[in-house]
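Report on one structure; see the data block that follows.
The values are calculated or read from the model by the stated rules, or taken from the named source; none is laboratory data. Fair warning: this is a prediction, and the values are worked out from it, not measured in the lab. Cβ: placed from backbone, ideal geometry, glycine included. Neighbour counts: every protein chain shown.
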Amino acid sequence: MVDKFRDPMLTPRDVVRHLEIPASTVRRWLGEKANGTPLVHQVTPEKRGRASVPFVAVVEAYVLRSLRDLGLSMAKIRQAAAEIRKTFDTPFALATKKITTDGVDIFVHYAGDELARIGDNQQPIRQIIDEYLHYIEWDQADDFAGSLRLRQYPDAAPVILDPRFGHGVPVLKSSKVPVDSIVDLWLAGESFSAVAYEYDLADDQVEAICRVHASHAA
């Protein structure tokens, strides 16, 4: 059974590609700390160049990017991470469902789904927006992420990273077929229809996946 907290799943380069984050940013975040603990965790690879980023850290990087995209400062994010770690006794603060935001402040979920603002514990006045967490599927057993949907793929063909399938490679959510298998068959000269038939998919699903690949390869 894969340990989503400790088993290496991706290389930093994979994180750059799948989450569409600049390489320099990923390197910085892997070294960034909050209260002495990494914001984005990394484990020692078996060999140089091998995978060193566990699934939980991929989610940490996704949440961190989402918070930054909303305009939240690194100081505020570090403060939130430290608060969650202290309150819930977990080093993986950014990969837990306990964290949320309205795009201005960061809030923490407490017992009974109570929300309190980081810093002064005030209750939110306006509606909390959880849209940035839309792409995370939570594991009900522990309230940590169980899978992560990749935002570059459309609703017609949702693609996920899930430590239970594909050894960490992106797979189609519905069938768990690796994206690379679909793309490789198309690149070999097969039509969208032929690839769809091979993997029991709809033509538009195959086309959507291949177009994403083509746009990134250009």
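Those helices (runs of 4 or more DSSP H) of the range 2-85 in which 1 or more residues are acidic (Asp, Glu) and buried (at least 17 other Cβ atoms within 10 Å of the Cβ) occupy 12-19, 55-69. Only one entry of Asp130, Asp139, Asp102 meets the criterion of being at pLDDT 85 or above, closer than 28 Å to Ile160 by Cα and acidic (Asp, Glu), and that entry is Asp139. Test Gly103 against the criterion of being more than 27 Å from Ala141 (Cβ to Cβ), loosely packed, with under 15 Cβ neighbours inside 10 Å and in the same structural domain as Gln140 (by TED's automatic domain parsing), and give yes or no. Against the criterion (more than 27 Å from Ala141 (Cβ to Cβ), loosely packed, with under 15 Cβ neighbours inside 10 Å and in the same structural domain as Gln140 (by TED's automatic domain parsing)), Gly103 does not qualify.
Scanning the range 86-118 for residues that are outside any helix (DSSP H, G or I) and among the aromatic types (Phe, Trp, Tyr) turns up Phe92, Phe107, Tyr110.
Apart from one condition, Ala116 fits all of (1) loosely packed, with under 15 Cβ neighbours inside 10 Å; (2) small (Gly, Ala, Ser); (3) without any contact (Cβ under 8 Å) to a residue 24 or more places away in the chain; the exception is (1). Residues of the range 179-198 that are in contact with a strand residue (DSSP E or B) (Cβ under 8 Å, 6 or more places away or on another chain) and surrounded by fewer than 18 Cβ atoms within 10 Å (Cβ to Cβ): none at all. Here is a check on your reading of the model: is Ile182 among the β-branched types (Val, Ile, Thr) and at pLDDT below 90? No; evaluated as a whole, the condition is false for this residue.
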